[in-house]
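Below is one structure, written out as structure tokens; comments come after it.
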Amino acid sequence: MDDETGKSATRAHLIGIAIDCFGRAGPDGISTRELARRADKPMSAITYHFGGKDGLYLAAARHIAAQLGTWLGAALDEAGAVCGDDGDAAAARAALRTFLNGAIGIMTRPETEAFARFIIREQSDPTEAFNVLYEGFMKRVLDRVTALLARVSGGALDPLDARVRAVMLFGQILVFRIARAAVLRATGWNDIGPAEQQVIGRIALDQLDAILDRIVQGETA
């Protein structure tokens, strides 16, 4: 392993440990010493690679934003292939269905569990890291979904109304990650695997169609 590869591996390892620890305890709930101990690295490694605990916290946020941006970006790209900038209302509806179905698979995968804890803390008590998360993936998703909703309505939706609807649509996906324990208790499921994802996807698409039908009918008041 060359020196640069070793440095990259150390950074990645520290960030992985940090995401889990910060998500569980918050940035003020764990010391630099404890982070280093859990990573089995000297404290100097955190200082060398990130300038300290605060830098590591922001690096963790950037990693989450980049990873979710990549995963959700792929779902958005699939939706974009269905409905480009010149797409009509029917294409926009199909694109929303494509994105929603893809996002469900992403947000219920096990890899997003530690990310969710970190993000929830930033939602309840935002720091500089929230801007990293929002600009890194949330804004792109909400902007795209808002635009597709406006297109489905033929431009009839008020811009704020479209934005709030976009937030709520994305929220119905996030609940299966951020409220996972409640979901499992309510459904009697032991886990959310492929079979459970199919159930979630079927019902989510039914709800999406009902919402879009109402928009098309002009019942947006």
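Quick rundown of the values:
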quantity	calculated
In the stretch 97-151, the residues that are assigned to a helix (DSSP H, G or I), of a type in the set (S, T, Y) and farther than 18 Å from G171 by Cβ	T98
Residue match in the stretch 175-198 (condition: part of a helix (DSSP H, G or I), farther than 30 Å from A61 by Cα and hydroxyl-bearing (S, T, Y))	yes
Condition met for A186 (out of contact with any Phe, Trp or Tyr (no Cβ under 9 Å at 6 or more places or on another chain), open to solvent by 60 Å² or more (accessible area, probe 1.4 Å) and under 21 Å from T108 (Cα atoms))	yes
Matching residues, the stretch 152-169, being assigned to a helix (DSSP H, G or I) and open to solvent by less than 20 Å² (accessible area, probe 1.4 Å)	V152, A162, A166, L169
Filter pass, G80 being closer than 21 Å to A166 by Cα and not in a helix (DSSP H, G or I)	no
Residue within the stretch 20-35 that is of a type in the set (V, I, T), surrounded by 16 or more Cβ atoms within 10 Å (Cβ to Cβ) and in a loop (DSSP other than H, G, I, E, B) present	yes
Filtered residue count, the stretch 169-187, keeping only those that are at pLDDT below 95 and charged (D, E, K, R)	2
Unmet criterion (only one of (1) among the small types (G, A, S); (2) closer than 18 Å to N101 by Cβ; (3) surrounded by 15 or more Cβ atoms within 10 Å (Cβ to Cβ)) for A147	(2)
Which numbered condition G136 fails, given (1) more than 21 Å from R97 (Cβ to Cβ); (2) open to solvent by 50 Å² or more (accessible area, probe 1.4 Å); (3) touching a residue at least 60 places away in the same chain (Cβ under 8 Å)	(2)
Selection from the stretch 63-119 of residues that are touching an Asp or Glu at 6+ places or on another chain (Cβ under 6 Å) and open to solvent by 40 Å² or more (accessible area, probe 1.4 Å)	T98
Tabulated pairs, the stretch 158-176, first within 18 Å of P110 (Cα to Cα), second outside any helix (DSSP H, G or I), C-beta under 6 angstrom, 6+ apart or interchain	F176/T108
Hey, E122 loosely packed, with under 14 Cβ neighbours inside 10 Å and touching a helix residue (DSSP H, G or I) at 6+ places or on another chain (Cβ under 8 Å) or not	no
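The values are calculated or read from the model by the stated rules, or taken from the named source; none is laboratory data. Source: prediction; values computed, not measured. Cβ coordinates were reconstructed from backbone atoms using ideal geometry, including for glycine residues, and neighbour counts include every protein chain displayed. Side chains included, ligands, DNA and RNA excluded: accessible areas come from the protein's heavy atoms. Shrake-Rupley method; radii C 1.70, N 1.55, O 1.52, S 1.80 Å.
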